[in-house]
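**Student:** Before anything else, here's the structure in question.
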Amino acid sequence: MAPQTAEDFVEAGSACAELIANPKSWINRRVETVEMLSQEETRRRVSIDFTLSAEQRDRLTTRHGLTVPISVLSKRPLRNFDLRDEDEGARPILGSADNRELALIALVRAAHDALGEPPPDDRVDAITADLQQIVFSDEALAVETLEAFVEAAESGDEMRAAVWGDGACRSMLRTFATDYVLFVALPLNGPARRVIKYSYGEDFPLEPPRARRTDAYSPSELLWRLRNPDRTWFLIDCPEAWRAASFHMEIAIPEELRIARAELARFEPGNGGDGIADLGETDTDVNRSALYAATPIEPHEDVRAYVEIVSEREGQAIRAALTAFAVAALLWLGWASRLDARAPGAAVSLLLAGGAVVSGFAAATGYHIIVDKILRSRRRALVLVVVCALTASASLAMEVPSRRPLEIWLVAAILCSLAAARLGWSAVRAAR
């Protein structure tokens, strides 16, 4: 094979323009698996199934081998990044300098095609400087540069209007403002159809998206939490879902959890968790969700997975409710019997309080951090039961504030009954 030259690198960058702008034309299938590790971190595994023609393979040949723009990643550091082929062999990626050079060549090539007639050199230099800023800069500066570029295009700048008005250029500009292209180097003698897999860790808040902290107490959110105790929902962003002819997503959760509902949906900016259109069938009551986009996804469309998860511990929900009802019943009976510290009821009530402590915390404890987060509300209700039982028992045993602390027992009975009602509703919903 003849040695590679700088012209070959430019040719490969130019060939990448169409591949980056129109990924559906050569990427057959994209599968993303999101594994929930904790309430703050996930592991995302991505599998890309693609096919390149002989002409495309020839044009993408560089000094690194077959250089393919396999995907895009956000402009931020990635943890534990790993890249492999279909045989699980590790594959190299391009360095940042070559990566940015290829991306800039692709973008400049697309802009040149959009302009048609060669413009004056000084105008070309000005636009090239903007394109370089968008590709090379971090997300904040790149987005700012793109916004200024679009504003100039809409204000009558003919050259920038021509570039922004071209579909391929617009797609690439929006991509490079927030992301960078992941180029993978493959052997030249490989098959036309390949599968590349990569994975990385990312921060992930396991909670509903809220613009303000007060949104957690909005009427709709409170009603949802009332109807779905011991359950939480969240959204998983799928910004690259449109970059393949077929998109699938799998969601893996810890063994102690169950996915109550999961679906892919289109969203609009700023509408929180309200999807505007479902993309496929909904998964319900599964331990591992497999979602599929049954309808086409438009370029740069905001696609997210809506997920509701619950704890598998239905039996413990029932035991927690029975414990709370038993304590509440005994508190009401104690209050109705007109307490007397000279009777053995004090010792019995202390024994009851001890049993409530043991039973309550045993029912509320989770072995996984996500389970603990979901059961936080149940744990608070059980803590209230324990406090009521201990307070009532101590007031009777120590004769505080009197030998018959009826007021304390009445308040404890009311609070414990409210907690029991909450736990009972949780047990009823868990059994459905």
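The values are calculated or read from the model by the stated rules, or taken from the named source; none is laboratory data. All values derive from a computational prediction rather than experimental measurement. Note: ideal-geometry Cβ built from the backbone for every residue, glycine included; neighbour counts use all protein chains shown.
**Student:** Hey, could you check the stretch 167-201 for residues that are under 18 Å from Thr128 (Cα atoms) and of a type in the set (D, E, K, R) and say which is farthest from the chain's Cα centre (by Cα)?
**Tutor:** So the residue we want is Arg170.
**Student:** Within the stretch 143-161, can you find the residues that are touching a helix residue (DSSP H, G or I) at 6+ places or on another chain (Cβ under 8 Å), free of Cβ contacts under 8 Å to residues at least 40 places away in the same chain and over 17 Å from Phe176 (Cα atoms)?
**Tutor:** Ala152, Ala153, Glu154, Ala161
**Student:** Let me ask something else. Quick check: is even one residue across the stretch 116-124 crowded, with 18+ Cβ neighbours inside 10 Å and out of contact with any Asp or Glu (no Cβ under 7 Å at 6 or more places or on another chain)?
**Tutor:** No: the stretch 116-124 contains no residue that is crowded, with 18+ Cβ neighbours inside 10 Å and out of contact with any Asp or Glu (no Cβ under 7 Å at 6 or more places or on another chain).
**Student:** Continuing with this model, one more query. Residues in the stretch 162-180 that are at pLDDT below 90 and touching a Ser or Thr at 6+ places or on another chain (Cβ under 9 Å): how many?
**Tutor:** Residues that pass the stated criteria total 1.
**Student:** In the stretch 253-276, which residue that is over 23 Å from Ile27 (Cβ atoms) and of a type in the set (A, V, I, L, M) is modelled with the lowest pLDDT?
**Tutor:** The extreme case among them is Ile276.
**Student:** Also, quick follow-up: Can you tell me which residue in the stretch 28-54 is surrounded by the most Cβ atoms within 10 Å (Cβ to Cβ), limited to those that are more than 19 Å from Phe183 (Cβ to Cβ) and of a type in the set (Asp, Glu)?
**Tutor:** Here the residue is Glu32.
**Student:** For the stretch 43-53, does any single residue satisfy the condition of being over 28 Å from Ala142 (Cβ atoms) and of a type in the set (A, V, I, L, M, F, W, C)?
**Tutor:** The answer is yes, given that some residue of the stretch 43-53 is over 28 Å from Ala142 (Cβ atoms) and of a type in the set (A, V, I, L, M, F, W, C).
**Student:** State whether one or more residues within the stretch 99-112 are free of Cβ contacts under 8 Å to residues at least 24 places away in the same chain, in the same structural domain as Ala15 (by TED's automatic domain parsing) and of a type in the set (S, T, N, Q).
**Tutor:** no
**Student:** Oh, and also: Only one residue in Val387, Val383 is over 16 Å from Asp230 (Cα atoms), among the β-branched types (Val, Ile, Thr), assigned to a helix (DSSP H, G or I) and at pLDDT 75 or above. Which one?
**Tutor:** The conditions single out Val387.
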